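Worksheet: the structure to be examined is printed underneath.
The values are calculated or read from the model by the stated rules, or taken from the named source; none is laboratory data. If you're wondering where the values come from, they're calculated on a predicted model, not measured in any experiment. All Cβ positions, even for glycine, are placed from backbone atoms using ideal geometry, and neighbour counts span all protein chains on display. Quick note on the areas: whole protein, heavy atoms, side chains included, nothing else; ligands and nucleic acids left out. Shrake-Rupley method; radii C 1.70, N 1.55, O 1.52, S 1.80 Å.
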Amino acid sequence: MMKPGEFVTFDSSMLEKTMGCTPMLLAWKDQKLVLDHTSIGQLATIIRDLYGTKVRLEGDSTPNRTVTAMLPNNNLNILLKTLEATADFDIVRDSLNDEIIIRAHGQKN
């Protein structure tokens, strides 16, 4: 039986009940995406899964760069603009190929 303020994690081998709620755990209900040292490669997968949009990473170090932020996740355009303003890379919407390109600042395609 759960009580207010508790949350549960479950995998195939165990169930764990813990007290307390952090902003990170509750961000989904406020339509926020919490990134905590999340690699750009992982973020590309998140964007693809949430919005069904192809994401291409350009530049050798781009997939390994990380970002820590709380971003809105209810509008892809706002998410991308906010992300670009808070990180060291540029984001380009390629409507011809229906994809998003993320590249390190200063790199050309």
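Would you count, across the chain, every pair of lysines whose alpha carbons are under 22 angstrom apart, provided the pair is eight or more residues apart or spans two chains?
Close lysine pairs under the 22 Å cut-off: 9.
Given a Förster distance of 41 Å, report the FRET efficiency between Lys54 and Ser12 from their Cβ-Cβ distance, rounded to the nearest 0.05.
Values: r = 31 Å, r/R0 = 0.76.
Given R0 = 41 Å and the Cβ-Cβ separation, E is 0.85.
So what's the angle, to the nearest 10 degrees on a 0 to 90 scale, between helix 76-86 and the longest Cα principal axis of the chain?
Once rounded, the angle reads 80 degrees.
Just to be sure I understand the model, the point goes 7 Å from the Cα along the line to the Cβ. What's the resulting Asn97 to Glu84 distance in nm?
So the label points at Asn97 and Glu84 sit 1.7 nm apart.
Treating the angle as unsigned and between 0 and 90°, give the value, to the nearest 10°, between the Cα long axis of helix 40-51 and the longest Cα principal axis of the chain.
So the helix axis and the longest Cα principal axis differ by about 80 degrees.
Based solely on its DSSP helices, what 222 nm [θ] is calculated for the chain when runs of n ≥ 4 H residues each add -39,500 (n - 2.57) and the sum is averaged over all residues, nearest 500 deg cm²/dmol?
Numbers: 3 runs with 27 residues, N = 109.
About -7000 deg cm²/dmol.
Could you work out what % of the accessible surface of the chain is carbon and sulfur, using a 1.4 angstrom probe and leaving DNA, RNA and ligands out of the count?
53 percent
In percent, what relative contact order does the chain have, based on Cα pairs under 8 Å that are 6 or more apart in sequence?
Answer for the chain is 22 percent.
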